[in-house]
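The values are calculated or read from the model by the stated rules, or taken from the named source; none is laboratory data. Nothing here was measured: the structure is a model prediction, and the numbers come from that model. So basically every Cβ, Gly included, is an ideal-geometry build from the backbone, and we count neighbours across all protein chains shown.
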């Protein structure tokens, strides 16, 4: 792993190209773009990255081309990890056991009812923890939502940004609540006039991208989707699964 300096306006990765490196932001600021038919180059801005942020892992995990373009907006530096080192680190992490306490937590979520323990262990190793303070935005207005979140502790609310100001439209407080279930159903949604933010001093969520979920849960996706449909229709009530 080595440190690399980046100039303002420099594209560190470009959508559609073949990738062989993973990056962690050491300093500076970056913007993330995804192209479409109307905005092919560099595309629509879908996020920002600062110190501690990372990018480039999907191309290495799944041997696909880069799914976004990341451009520096200031003088910056990134830590660079080559493919072999990244894959070795992932392999080592995938062999780590999931704690019985966390596994029991996941198995208690209605969404995963009927999924065998072996698959639950893979899901547990694939979920990534993230911490938010009071008022911090988990999903920003205008941001493409490509991940879903499982609430571990704290509280989260969705707020509509209207002409009359903010209006709370949804609230999650139960451990195991699912935030962003549209992603599980295969829909990449762009938030519009709506933000999702922490509303407690410390909120802990575990997140997973759509691509990771599709890979690790492929065999039991129909079971999970059926559980999700039942939860949304209200045919089954469980405090630990609140879907949006």
(request) For the stretch 1-53, name all the residues that are loosely packed, with under 15 Cβ neighbours inside 10 Å, over 16 Å from residue 71 (Cβ atoms) and without any contact (Cβ under 8 Å) to a residue 60 or more places away in the chain. (result) 18, 36, 37, 38, 51, 52
(message) Just to check your reading of the model, which residue among 184, 196 is at pLDDT 80 or above, at negative phi, touching a helix residue (DSSP H, G or I) at 6+ places or on another chain (Cβ under 8 Å) and buried (at least 18 other Cβ atoms within 10 Å of the Cβ)?
(response) 184
(request) Output the residues belonging to the stretch 200-221 that are within 12 Å of residue 134 (Cα to Cα) and surrounded by fewer than 19 Cβ atoms within 10 Å (Cβ to Cβ). (result) 200, 201, 202, 204
(message) Restricting to the stretch 58-76, name every residue that is under 24 Å from residue 216 (Cα atoms) and either part of a strand (DSSP E or B) or modelled with pLDDT under 80 (or both).
(response) 58, 59, 60, 61, 62, 63, 64
(request) Please work out which one of (1) touching a helix residue (DSSP H, G or I) at 6+ places or on another chain (Cβ under 6 Å); (2) closer than 18 Å to residue 139 by Cα is the condition residue 20 fails and give its number. (result) (2)
